[in-house]
Amino acid sequence: LYPWVAVLVLLAAFTKSAQTPFHFWLPNAMTAPTPVSAYLHSATMVKAGLYLVARSTPILGGTDLWSGAIVTAGTVTMAVGAWRALAETDLKKVLAYTTVSALGLIMMLLGFGTDAAVTVSLVFLVAHACYKGALFLIAGTLEHEAGSRDIRELGGLRHAMPLTALGGLLAALSMAGLPFFTGFIGKELAYDALLGQAPPWPTVLLPLTVGASMLLGAAALVAGVAPFIGEMRKAVPTHPVPLALSLPPIALAVAGVAVGVYPSLLDGPVSLMAANVTGKTVPVHLALWHGFTPVLLLSVITLAG
């Protein structure tokens, strides 16, 4: 009965974590208050499918059916989410599709099941929680203060809400994968894990992953930077932003910077989590600098794109 068990568990996980073709519900579930969206889309609900796959791997993993289905679904979802993110004009939908893409990347890495791939999937999960939680809260602040989530109506708001602009900048730079941010650590480890796979996976997946990272970096600038630069547009703030709205995104964004500068902070927690996925001890030694390597070149190409 293994094939039936594996397929049913994976269908449940794919639906929960918005993997293609079940991804449509997530961008359409934007009617909740934005703090709820931030919590659900960065930390809890949509990650439950990833959690199910990770914890089920020691029981159901190790087969071509399990790995092939997860890698395929994750890869397609990563590409579809990144592409759609830049086609949207609603700020929360932009962020929702970037979440779909990030979930796909993490799912793909879990499918490989190697120590390196599992480790980076967990690091990326933490990085995503920090920057995406911040950006969703900022989207809510913009809607509350300026009355709009339409990116075509938002601009020039850095003077009216400087702390919010700072939080958006820090979160966007992490999502884009700049050095000294947690997103950079996750992106470098992802490229390295893919390079370590047996052929033909690197040839197939690296270009897709680099392309998706470029699109996600652009979407990060759209969501976290564009509303605050340039000239003031249609959406105009009606009153000063209270600290209760300004400080939480900054706290999340600063957490992403702290882990980006001192990635060894995650060594212990990620090692414990990876052991529960792989069923064995996984030593983790995260570092900011790995020298001039092909992975660094891929990061430069991504940022240039």
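The values are calculated or read from the model by the stated rules, or taken from the named source; none is laboratory data. Everything numeric here is computed off the predicted structure, so don't read it as measured data. Ideal geometry is used to build each Cβ from the backbone, glycine not excepted, and the neighbour counts take in all protein chains shown. Just so you know, the surface numbers come from the protein's heavy atoms only, side chains and all, with ligands and any DNA or RNA stripped out. Shrake-Rupley method; radii C 1.70, N 1.55, O 1.52, S 1.80 Å.
Show me, for the range 58-68, the HN-Hα J-couplings you get by feeding each phi into the Karplus relation (A = 6.51, B = -1.76, C = 1.60, θ = phi - 60°), rounded to Hz, glycine and proline as x.
Whole-Hz 3J(HN,Hα) from phi for the range 58-68: x, 8, 10, x, x, 10, 5, 4, 5, 5, x.
Going highest first, how would you order 160-173, 273-286, 126-139 by mean Cβ packing within 10 Å? Write down the numbers at each step before the final one.
Working: 160-173: 22.7, 273-286: 16.6, 126-139: 27.4.
In decreasing order of mean packing, 160-173, 273-286, 126-139 become 126-139, 160-173, 273-286.
With all protein chains present, how much of the accessible area of the chain (probe radius 1.4 Å) comes from carbon and sulfur, to the nearest whole percent?
The nonpolar share, carbon plus sulfur, comes to 72 percent.
Run the Debye formula on the Cα coordinates of the range 228-305, all scatterers equal and no solvent, and tell me log10 I(q)/I(0) at q = 0.18, 0.19, 0.20 1/Å.
Reported log10 I(q)/I(0), two decimals: -0.98, -1.01, -1.04.
If each residue of separation counts as 0.36 nm, what is the full-extension length gain between TYR262 and THR203 once their alpha-carbon separation is subtracted?
Difference between extended and current length: 18.1 nm.
Round to the nearest 10 and report in Å² the accessible area of THR238, as given by a 1.4 Å probe over the protein chains' heavy atoms.
110
Can you work out ³J(HN,Hα) from phi for every residue in the range 29-37, in order, using Karplus 6.51 cos²θ - 1.76 cosθ + 1.60 and θ = phi - 60°, giving whole Hz and x for Gly and Pro?
Values, residue by residue: 9, 10, 8, 5, x, 4, x, 5, 4 Hz.
Averaged across orientations, what area in nm² does the convex hull of the alpha carbons in the range 54-180 project?
8.7
Calculate how steeply helix 243-261 sits against the longest principal axis of the alpha-carbon atoms of the chain, using the helix alpha-carbon long axis, and give the answer as 0 to 90 degrees to the nearest 10.
40
Using Cα-Cα distances under 8 Å and only pairs 6 or more residues apart, what relative contact order does the range 44-193 have, in percent?
Relative contact order comes out at 21 percent.
Could you work out the local net charge near LEU245, counting Lys and Arg as +1, Asp and Glu as -1, over the other residues with Cβ closer than 13 Å to its Cβ?
Charge balance near LEU245 sits at -2.
For ARG233, ARG84, give the ranking by accessible area with the largest first, probe 1.4 Å.
Highest to lowest solvent-accessible surface, that is ARG233, ARG84.
Subtracting the Cα-Cα distance from 0.36 nm times the residue separation, let me have the gained length for ALA251 to VAL7 in nm, one decimal.
83.8 nm
How big is D for the range 162-305, in µm² s⁻¹ as a whole number, if Stokes-Einstein is applied with the Kirkwood radius of its Cα pairs at 25 °C and 0.890 mPa s?
Translational diffusion coefficient: 144 µm²/s.
Let me check something: with ligands and nucleic acids excluded, how do ILE301, ILE70, ILE59 order by accessible area (1.4 Å probe), largest to smallest?
ILE59, ILE301, ILE70
Per-residue HN-Hα couplings for the range 3-18, Karplus 6.51 cos²θ - 1.76 cosθ + 1.60 at θ = phi - 60°, whole Hz, x for Gly and Pro?
Listing the rounded values in order: x, 5, 4, 4, 5, 5, 4, 5, 4, 5, 5, 5, 5, 5, 9, 6 Hz.
Just how much of LYS93 is accessible, in Å², when a 1.4 Å probe is used and the result is rounded to the nearest 10?
Here the residue's solvent-accessible area equals roughly 60 Å².
So for GLU153, GLU145, GLU231, what's the accessible-area order with a 1.4 Å probe, most first?
Numbers: GLU153 55, GLU145 0, GLU231 150 Å².
From most accessible down to least: GLU231, GLU153, GLU145.
On C-alpha positions alone, give me the angle between the axis of helix 267-278 and the longest principal axis of the chain, in degrees, nearest 10.
So the helix axis and the longest Cα principal axis differ by about 50 degrees.
At a 10 angstrom cut-off on C-beta neighbours, averaged per residue, how do the peptides 244-256, 94-106, 212-224 rank from highest to lowest?
94-106, 212-224, 244-256
List the chymotrypsin sites (Phe, Trp or Tyr not before Pro) within the range 2-92 that DSSP assigns to loop and that have no more than 15 neighbouring Cβ atoms inside 10 Å.
Of the chymotrypsin sites (Phe, Trp or Tyr not before Pro), the ones in loops of the range 2-92 whose Cβ has at most 15 other Cβ atoms within 10 Å are PHE24.
Any idea what the relative contact order of the chain is, in percent, if you count C-alpha pairs under 8 Å spaced at least 6 apart?
21
Just checking my list (1) 23.2; (2) 19.2; (3) 22.4 against Kirkwood radius over Cα pairs in Å computed from this structure; which label fits?
(2)
Say each of ASN28 and PHE180 gets a label point 7 Å from the Cα, pointing the same way as Cα to Cβ; how far apart are those two points in nm?
The modelled label-to-label distance comes out at 4.4 nm.
Do the alpha carbons of any pairs in LYS47/LYS92; LYS16/LYS93; LYS16/LYS234; LYS47/LYS234 sit beyond 27 Å of each other, and which pairs?
LYS16/LYS234; LYS47/LYS234
Quick check: residue separation of ILE301 and THR72 times 0.36 nm, minus the Cα distance between them. What number comes out in nm?
Between ILE301 and THR72, full extension yields an extra 80.0 nm.
Solvent-accessible area per residue for the chain at a 1.4 Å probe radius, Å²?
On the way: 12780 Å² over 305 residues.
Accessible area per residue: 42 Å².
Is it possible to state the helix-based mean residue ellipticity at 222 nm for the chain, with each DSSP H run of 4+ residues giving -39500 (n - 2.57), the sum divided by total residues, to the nearest 500 deg cm²/dmol? What is it?
The per-residue figure over the chain is -23000 deg cm²/dmol.
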